[in-house]
Amino acid sequence: MSKKKDKNKTLETSELVVSGLNTRTRKRVILSFPPSVLQTPITYILAKEYDIASNILRAEIAPEETGKLVIEMDGLPDKLEEAIKRIKEHGIEVTEIARKVIFNMDKCTHCGVCVSVCLAGALKLDEEYHLQFIEPKCTVCEMCVPACPFNVVNIDI
Amino acid sequence: MQRTIEEINDKIKNERAQVLTASEAKEVIKEKGSKYFTDNIDIVTCASFEMNTNALLYLSFGQTDPLIYFMDPYINNVPAYVLGPTDLALSCVLSSRDNLEYGGAHIIEDLILGKDIHLKTNGRNFEVYPNKEFDTWFNIKNLNCARLVLNQAINQNNIVAANSGANDINSNMGTLIGKLENSTFNSSSFLNPLINDPYCKTIGVGSSVWVAGGHGIVLGYGSNHNPNQHRNKHSIPIGPSITLSAFADTDQMKSKWVRGGYLKSFGVVLYVGIGIPIPVLNEEIAEALSITDENIHTTIVDFSIPRRTKPIFGQCTYSELRTSTVLINEKPTLTAPLSSMAYAIEICKILKDEIINKDFFLTKSIMPIDMNVELKKLDSRLGELV
């Protein structure tokens, strides 16, 4: 039954071309799994039923224990909301990450201290040794925030 | 071909001096050889913008009425040291009493910015200095002198810090993530004046240096001076070696080049931009100037053991480090600098322009830097016979 409803909704959304709702957006969420649902193939469900490309940014899952998964979901806004509802039904706790790292480049000296703690590879020095922030790679791990000697990096909530 | 510093200064006066930045110089030498370079180029500008400690700000105030002899002074709530009735020394690494992330280095930056700074002091109990308490605001214009003394203004090379332990370490080399996840280094490598002149043939006591926009003087060798460090076949030391001490008045400085910083769980550090022009006196100096990152080696040190002698993982070159991945114990490790190359490049250009515009002249050194100094250790005398 639920599948049929989903199909109807897809049709509706595909008609809303002008409103911009059909453009794919990205949403970052933290999924906290209780031990009982560790076997649920979340990313498969997201891809198959909601056409959501999920990019795993961080995962801490140990057998018989609770797990934590940070994923970036790329899909239609409607689908994203439905998917989050569906995940919640499985008993998985969903926390949306609205946080973003922002750089106050006026104060930046391009020293590279933040690059040294960015294991995700979102911070790089370019050929002229200027700091580059590759936002899609950022996992908002916030390591760079206290690392910066000049207080350039802040979290925008 | 031989040249003297006087000849080069005459050329600067007559606007005929050929000046290049260190990065430009390396390309010219590579293309046309050191013979052509010696014949045609007079000066090469080198610079660094590295993380510094070992610095102090010498502040000389005017006298109050009634007279005061400072005691327990605080500047913006950072403790300072009394050196005379109204003279103070402010350490760049001490933190404020109410904010650990603000300290001496930030006061130096604020002073150069022209900001008002708070001074609170008691007075010593002398008959001729009856003032017992004083509280005021001052800025750079109210001071008789504000002099920045950098006892480790320039480091010839530095180490690479990594951490093989299980836990993260907050060190003087930034946050080192455990299990060799990252590593840091603190050197402007091929732009560094002492890498381009590895035996200090053109830099000596009394040489003029560019310090953060002002003009200063080299005082001699600095803290942790270790000229006996092992050198590679290009005569570059493979670890910390020569250091230079310099001082400069703050009134000419620009706040962009003097920055107070705070390293997480470590403390306040000072970032300061230094520029040194190297005169191309002969072909030997030109050959030393041709050094590039591939030939500058450094040592990877394990910071997980907080002892004087730390285990090392071997050597690597700066060209490997600049790719931001380096192999440590066969593990690809993220690596990043702590010193700004972008600012060092900018300083090289500024110094070049100053020389061309006749604002900066070379100075002949009074004395060479002492190269027969042994790095001493501080040991406890417990148990020794008195």
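The values are calculated or read from the model by the stated rules, or taken from the named source; none is laboratory data. None of these values were measured; they are calculated from a predicted model. Please note: Cβ atoms are built from the backbone with ideal geometry, for glycine as well, and neighbour counts cover all protein chains shown. With ligands, DNA and RNA removed, areas are computed over all heavy atoms of the protein, side chains included. Shrake-Rupley method; radii C 1.70, N 1.55, O 1.52, S 1.80 Å.
Of B:Asp65, B:Asp249, B:Asp135, the residue with the greatest mean-square motion in the GNM of chain B, using alpha carbon springs below 10 Å, is B:Asp65. Which residues of segment A:122-138 bury at least 50 Å² of accessible area once all protein chains are present, versus their chain alone (1.4 Å probe)? Buried by the other chains: A:Tyr129.
Distance between the pseudo-spin-label points of B:Arg97 and B:Lys256 (7 Å out from Cα toward the beta carbon): 3.7 nm.
Summed over both chains, the contact between A and B buries some 1900 Å² of accessible surface at a probe radius of 1.4 Å. Here the spin labels are modelled as points 7 Å beyond Cα on the Cα-Cβ line, and at A:Met105 and B:Thr4 they lie 5.0 nm apart. Straight Cα distances below 20 angstrom link B:Lys13 to the lysines B:Lys349, B:Lys352, B:Lys358, B:Lys364, with same-chain residues fewer than 8 positions distant left out.
Each of B:Ser265 and B:Lys377 was given a label point 7 Å from its Cα along the Cα-to-Cβ line. The distance between the two points is 2.8 nm. Distance from the alpha carbon centroid of segment B:355-386 to that of segment A:100-157 works out to 36 angstrom. Full extension of the chain between A:Lys137 and A:Arg58 yields a length gain of 27.3 nm, computed as 0.36 nm times the residue separation minus the alpha carbon distance. The accessible surface of segment B:195-326, taken with every protein chain in place and a 1.4 Å probe, is 49 percent carbon and sulfur. Taking chain B as a Gaussian network of alpha-carbon nodes connected by springs under 10 Å, the highest mean-square fluctuation of the residues B:Gly222, B:Gly206, B:Gly33 belongs to B:Gly33. Ligands, DNA and RNA aside, B:Arg97 has an accessible area near 150 Å² when probed at 1.4 Å. Distance distribution P(r), chain B, all Cα-Cα pairs, bin width 10 angstrom from 0: 5, 21, 29, 24, 15, 5, 1, 0 percent.
Here is the list for segment B:8-37: trypsin sites (Lys or Arg not before Pro) lying in DSSP coil, each with at most 11 other C-beta atoms within 10 angstrom of its C-beta, are B:Arg16.
Take the cross-link list A:Lys100/B:Lys256; B:Lys30/B:Lys377; A:Lys27/A:Lys107 and give me the ones stretching past 32 Å between alpha-carbons. In this structure, B:Lys30/B:Lys377 exceed 32 Å between Cα atoms. For the protein assembly as shown, A:Cys108, A:Cys111, A:Cys118, A:Cys138, A:Cys141, A:Cys148, B:Cys46, B:Cys92, B:Cys145, B:Cys200, B:Cys316, B:Cys348 stand unpaired, since no other cysteine beta carbon lies under 4.7 Å from theirs. Segment B:1-68 and segment A:36-52 have Cα centres lying 63 Å from one another. The phi torsions of segment B:151-161, fed into the Karplus equation with coefficients 6.51, -1.76 and 1.60 and a -60° offset, translate into couplings of 7, 9, 4, 10, 10, 8, 6, 8, 9, 10, 9 Hz, rounded to whole numbers, with Gly and Pro shown as x.
The 3J(HN,Hα) values that the Karplus relation (6.51, -1.76, 1.60; θ = phi - 60°) gives for segment B:104-112 are, in residue order, x, 4, 5, 5, 4, 4, 5, 4, 5 Hz. Gly and Pro appear as x.
Counted without the sites themselves, the longest stretch of chain B free of GluC sites (Glu not before Pro) in a DSSP loop having at most 10 other beta carbon atoms within 10 Å is B:128-329.
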